[in-house]
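Just below is one structure, and these are the notes that go with it.
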Amino acid sequence: MAHPPPSGSVVLMDWYRSVEGKGFFSRIKRKEKRRIFGLLEAPPIPPLINVDTVRYKVFLSGKSGVGKTALAARLAGLDVSSVHYETIGIQTSVVFWPVKLRDSGQVLLFRLHLWDCGENALRRFDHLLPTCKEQLDAVLFLFSFTDHSSFDDLPGQIARGCDPSDNVVKLVVGTKFDLFMHTDVTEREVKAFQEQWAVPVFCIGGDACDDLQNVAPLLNTLAELLWHQDCVTVGAVPANESAVGDTSSRAGH
Ligand SMILES: Nc1nc2c(ncn2[C@@H]2O[C@H](COP(=O)(O)OP(=O)(O)OP(=O)(O)O)[C@@H](O)[C@H]2O)c(=O)[nH]1
Ligand SMILES: [Mg+2]
């Protein structure tokens, strides 16, 4: 994977708060909550508005109970179950997320197809992981702040989840950040991991109310990395044009 570009260098991170941004986000909302989109559905965009839709497949990886299904629900703006129901196969969902590119001012509608597979099902059925990895664009590697073994497992997860030569975008998400009384992973460890692996790390937790600002840093960064990766693939920007160091600013969101 190419080095991640500095945060906010490709997409406008706060655009969703602007008057123009709110107009676009109203297309993915209904009565102030996010709309649920089926696999064949898309937000209604009037024909005169010039917006391209770009499609990506995103896989959620992590130990059972780490919070993959909860994260998928959070990203889609849905309620999160407070009970752990093991996901018994592959569950997919669609998240639409508009962004504005910094350089061209073009608005892109990201269609993120999230693939969430129960970890125990993955171990039981060998064909599931290859299916999840087929034509994959990005992986969200999850660990839980309340379970150090899930953090220790990250390098193994990254090795299993993608091949070194692929162009898959990688992002790490630390869940249960709200359970600080039970935290088992220190910020110093997270920072050291970020520096060693040059992968952005996001901290997630708390009420999953459908507030865009809860998910905007993660979804904007995911969109930014996916778009940058595509530009590198077609040769529009050099692979290592940008710095790696900026990733540290992302932890703590
Ligand atoms: N407090 C808190 N609880 C969380 C968070 N994320 C997930 N949980 C809880 O953790 C439990 C497990 O979450 P799931 O999303 O079902 O776990 P999973 O990774 O999908 O597990 P499998 O489907 O078995 O692989 C549930 O009770 C969630 O409510 C979080 O950020 N904070
Ligand atoms: Mg699950």
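Taking Val99 and the conditions (1) part of a strand (DSSP E or B); (2) more than 12 Å from ligand 2 (Cβ to nearest atom); (3) more than 15 Å from the chain's Cα centre (by Cα), which numbered condition does it fall short on, given that it satisfies the others?
(3)
How do the pairs read when you match residues in the stretch 10-31 that are under 12 Å from Lys100 (Cα atoms) and at pLDDT 95 or above with residues anywhere that are β-branched (Val, Ile, Thr) and surrounded by 12 or more Cβ atoms within 10 Å (Cβ to Cβ), using Cβ under 7 Å and keeping only pairs 6 or more apart or on different chains?
Val11/Val99; Trp15/Val99
Based on what the data block shows, is Leu12 within 16 Å of ligand 2 (Cβ to nearest atom) and either farther than 22 Å from Ala138 by Cβ or of a type in the set (A, V, I, L, M, F, W, C) (or both)?
So Leu12 fails the test.
Return the only residue of Ser82, Ser61 being within 12 Å of ligand 1 (Cβ to nearest atom) and closer than 16 Å to Leu122 by Cβ.
Working: Ser82 fails: closer than 16 Å to Leu122 by Cβ.
Matching residue, one of Ser82, Ser61: Ser61.
What residue, of Gly252, Gly235, is modelled with pLDDT of 80 or more, surrounded by fewer than 20 Cβ atoms within 10 Å (Cβ to Cβ) and either part of a loop (DSSP other than H, G, I, E, B) or among the basic types (Lys, Arg) (or both)?
Working: Gly252 fails: modelled with pLDDT of 80 or more.
The conditions single out Gly235.
Which one of Ser144, Ser93 is near ligand 1 (Cβ under 10 Å from one of its atoms) and either in contact with a helix residue (DSSP H, G or I) (Cβ under 7 Å, 6 or more places away or on another chain) or at pLDDT 95 or above (or both)? Even if it seems obvious, please write down each step before you answer.
Details: Ser93 fails: near ligand 1 (Cβ under 10 Å from one of its atoms).
Testing whether each residue is near ligand 1 (Cβ under 10 Å from one of its atoms) and either in contact with a helix residue (DSSP H, G or I) (Cβ under 7 Å, 6 or more places away or on another chain) or at pLDDT 95 or above (or both) leaves just Ser144.
Scan the stretch 113-123 and give yes if some residue there is assigned to a strand (DSSP E or B), away from ligand 2 (no atom under 12 Å from the Cβ) and surrounded by fewer than 16 Cβ atoms within 10 Å (Cβ to Cβ), otherwise no. Give the derivation first.
Looking only at the stretch 113-123, we keep the residues that are assigned to a strand (DSSP E or B), and these are 113-117.
Still in the running and away from ligand 2 (no atom under 12 Å from the Cβ): 113.
Keeping just the survivors that are surrounded by fewer than 16 Cβ atoms within 10 Å (Cβ to Cβ) gives 113.
Scanning the stretch 113-123 turns up at least one residue that is assigned to a strand (DSSP E or B), away from ligand 2 (no atom under 12 Å from the Cβ) and surrounded by fewer than 16 Cβ atoms within 10 Å (Cβ to Cβ).
Using beta carbons and a limit of 7 Å, which pairs, at least six apart or on different chains, have the first residue in the stretch 159-176 and on the phi > 0 side of the Ramachandran plot and the second one part of a loop (DSSP other than H, G, I, E, B) and not basic (Lys, Arg)?
Lys176/Gly67; Lys176/Phe145; Lys176/Thr146; Lys176/Gly205
Output the qualifying pairs, or none if there are none: Cβ atoms under 7 angstrom, residues six or more apart or on different chains, first residue in the stretch 41-69 and closer than 30 Å to Ser149 by Cβ and in contact (Cβ under 8 Å) with a residue 40 or more places away in the chain, second residue within 16 Å of ligand 2 (Cβ to nearest atom) and hydroxyl-bearing (Ser, Thr, Tyr).
Partner pairs satisfying both residue conditions: Gly62/Ser150; Lys63/Ser150; Val66/Ser144; Val66/Ser150; Val66/Thr175; Gly67/Ser144; Gly67/Thr175; Thr69/Thr87.
For Gly105, indicate whether it is free of Cβ contacts under 8 Å to residues at least 12 places away in the same chain and either assigned to a loop (DSSP other than H, G, I, E, B) or crowded, with 18+ Cβ neighbours inside 10 Å (or both). Reasoning before the result, please.
Details: free of Cβ contacts under 8 Å to residues at least 12 places away in the same chain: yes; either assigned to a loop (DSSP other than H, G, I, E, B) or crowded, with 18+ Cβ neighbours inside 10 Å (or both): yes.
Criteria met by Gly105.
Taking only pairs six or more apart or across chains, which ones have beta-carbon atoms under 7 Å, a first residue in the stretch 73-95 that is farther than 16 Å from Ala42 by Cα, and a second residue that is among the basic types (Lys, Arg) and buried (at least 16 other Cβ atoms within 10 Å of the Cβ)?
Once the first residue is farther than 16 Å from Ala42 by Cα and sits in the stretch 73-95, its partners that are among the basic types (Lys, Arg) and buried (at least 16 other Cβ atoms within 10 Å of the Cβ) give Val80/Arg74.
The values are calculated or read from the model by the stated rules, or taken from the named source; none is laboratory data. The structure displayed is predicted, hence computed values, not measured ones. No Cβ is skipped: glycine too gets one built from the backbone with ideal geometry, and neighbour counts run over all protein chains shown.
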